[in-house]
Amino acid sequence: MSFTVSDGFPYYIELLGTADYKDLLYSNANFEKLQKLSKEESEYRFLPDKWSAKQIVGHMTDHERIMIYRILCFSRKDTTLLPGYDQEMYVNNSRFNEIDFFDILEDFKSVRHATRSFFKTLSNEQLQLKGKAWKFEMTIEDFLKATLGHELHHMHVLKEKYNLI
């Protein structure tokens, strides 16, 4: 790997490797893994100052919502510079730890369903349109790849650091 998580989107895109991002978009494998978590596991933190598994899944959902909004803007040729976002602020101001894990997971599934539905409306030409969010200018296709790579990153964290999936 030539990028690290601190590099942001290029790291997430690189995580996909040779995988077809469309296969990942339509896969339910990660949802099936997450569905198996118990209430206790969903509340687990591997260190006191780290997010719970619930917060991680909620964060993945927030991130996908934000990324798909960006893709929507770019697909409509909106040239407004879109800002980054503070993931800590989003998680700290959420109710993820109060909400039942399966409700959080259902929300993530709903967002993914909306992402899939929107993706079907995009032409090959639109997938090659570029947009800029924060410091990254990329094609819509790359923003989608980064979204899916972000999910892979957090699933890896849940496996390697949390020993949950």
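Read-outs: derived from the displayed coordinates by stated rules, not from any lab. Everything numeric in this text was worked out from a predicted model, so none of it was measured. Here the Cβ positions follow ideal geometry from the backbone for every residue, glycine too, while neighbour counts run over all protein chains shown.
Using the average count of surrounding beta-carbon atoms within 10 Å as a protection proxy, the listed peptides 150-158, 96-104 rank, highest first, as 150-158, 96-104. Compared with the dominant Cα axis of the chain, that is its longest principal axis, helix 140-160 is turned about 20°. Checking every one of the trypsin sites (Lys or Arg not before Pro) in the stretch 88-165 against DSSP loop status and a limit of 16 other Cβ atoms within 10 Å picks out Arg95, Lys135, Lys161.
Residue by residue, the stretch 10-25 carries 3J(HN,Hα) couplings of x, 4, 5, 5, 4, 4, 5, x, 8, 5, 7, 4, 5, 4, 5, 4 Hz when phi is fed to the Karplus relation 6.51 cos²θ - 1.76 cosθ + 1.60 (θ = phi - 60°); x denotes Gly or Pro. When only alpha carbons are used to place a centre, the stretch 28-63 and the stretch 110-165 end up 18 Å from one another. Expressed in units of 2.2 N^0.38 Å, where N is the residue count, the Cα radius of gyration of the stretch 1-139 is 1.12. Per-peptide packing, taken as the mean over residues of other Cβ atoms within 10 Å, places 137-143, 13-19, 45-51, 58-64 in the sequence 58-64, 137-143, 13-19, 45-51 from highest down. Over the stretch 5-160, what is the relative contact order in whole percent, taking alpha-carbon pairs under 8 Å and six or more residues apart? Reported as a whole number, the value is 41 percent.
For the chain, a crude dipole built from +1 on the beta carbon of Lys and Arg and -1 on the beta carbon of Asp and Glu, taken about the Cα centre, is about 320 debye to the nearest 20.
Filter Lys33/Lys159; Lys120/Lys145; Lys22/Lys120; Lys109/Lys132; Lys50/Lys161; Lys109/Lys135 down to the pairs with a C-alpha to C-alpha distance above 21 Å, please. Result: Lys109/Lys132; Lys109/Lys135 exceed 21 Å.
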